[in-house]
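The values are calculated or read from the model by the stated rules, or taken from the named source; none is laboratory data. Quick caveat, the model's predicted, so the values are computed rather than measured. Cβ placement follows ideal geometry from the backbone for every residue including glycine, while neighbour counts extend to all protein chains displayed. Quick note on the areas: whole protein, heavy atoms, side chains included, nothing else; ligands and nucleic acids left out. Shrake-Rupley method; radii C 1.70, N 1.55, O 1.52, S 1.80 Å.
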Amino acid sequence: AVRGVTPDVVTETKRVGGSTYRVPIEVVPAKGKALAIRWSLIACRKCSGRSMALRSSDELIDAARNSGSAIRKKEETHKVAEANKAFAHFR
């Protein structure tokens, strides 16, 4: 489940000549796992009404099935990185 949520690329904000660009960069595997776990925890904290153990288990099951809030966050991050691919030369 964590491997499925781990992002391949993220965007980093760079300021070049008075303009701010979101530059896509590849993610180091350790940072990618940290982001995946953080996104999963944030997703379970948004749900309410049950214990944290049930919410986290549901989120992990959803991640294993390629659905859920953490997977949506990963896909959104990849879309932003793809849209800003033109600024990759600012790395």
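Total lysine pairs in the stretch 16-91 at Cα distances under 14 Å, for residues eight or more apart or on different chains: 4. Averaged per residue, the chain has 67 square angstrom of accessible surface, using a 1.4 angstrom probe with ligands and nucleic acids left out. Residue-normalised convex hull volume from the C-alpha trace of the chain: 94 Å³ per residue. With a simple spin-label model that places each label point 7 Å from the Cα along the Cα-to-Cβ direction, the separation between Lys79 and Glu12 comes to 2.5 nm. When a 1.4 Å probe is rolled over the protein heavy atoms, the share of accessible surface on the chain that falls to carbon and sulfur comes to 53 percent.
Seen from Ala63, the other residues with C-beta closer than 11 Å to its C-beta sum to a net charge of +2, counting Lys and Arg as +1 and Asp and Glu as -1.
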